[in-house]
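Some notes on the structure that comes next.
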Amino acid sequence: MIRLRGWRGRAAARRAAEHEGRRVVLAADWAITLAVREAGDGPVRVTPDDVRRWAAENFLLDVPADLAADVLTARLRLRGYG
């Protein structure tokens with residue numbers, strides 16, 4: 001029985017980490033979307049601080065600056081801005 005709990009605990013930790021990662025990606029997507037709407041026809045200006053702020057306001061999530069920068073860079077490339 002102890003082994004089963006250990007496996008379930010590891011699975012739960014993995015699911016929690018994946019969920020948190022998805023929330024950071026979603027925060028980056030929203031930060032980009034808001035920056036695009038604000039920019040209109042001008043250049044899109046979005047920073048890792050925008051991602052961190054959106055995550056903090058909407059998910060009560062404290063995102064490290066380096067993680068926010070990495071996710072933001074990847075999502076900007078995916079959307080064709082980088």
Total residues in region 10-69, condition assigned to a loop (DSSP other than H, G, I, E, B) and among the small types (Gly, Ala, Ser): 2
Pair list, Cβ < 7 Å and 6+ apart or interchain, from region 1-16 residues that are surrounded by fewer than 10 Cβ atoms within 10 Å (Cβ to Cβ) to residues that are of a type in the set (A, V, I, L, M, F, W, C) and modelled with pLDDT of 85 or more: none
Pick from region 32-81, criterion of a type in the set (Val, Ile, Thr) and within 21 Å of residue 17 (Cα to Cα), ranking: surrounded by the fewest Cβ atoms within 10 Å (Cβ to Cβ): 73
Pairs where the first residue, in region 61-82, is among the β-branched types (Val, Ile, Thr) and the second is part of a loop (DSSP other than H, G, I, E, B), C-beta under 7 Å, 6+ apart: 73/82
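The values are calculated or read from the model by the stated rules, or taken from the named source; none is laboratory data. None of the values given here were measured: they were computed from a predicted structure. Positions of Cβ are generated from backbone atoms using ideal geometry, with glycine treated the same way; all protein chains shown enter the neighbour counts.
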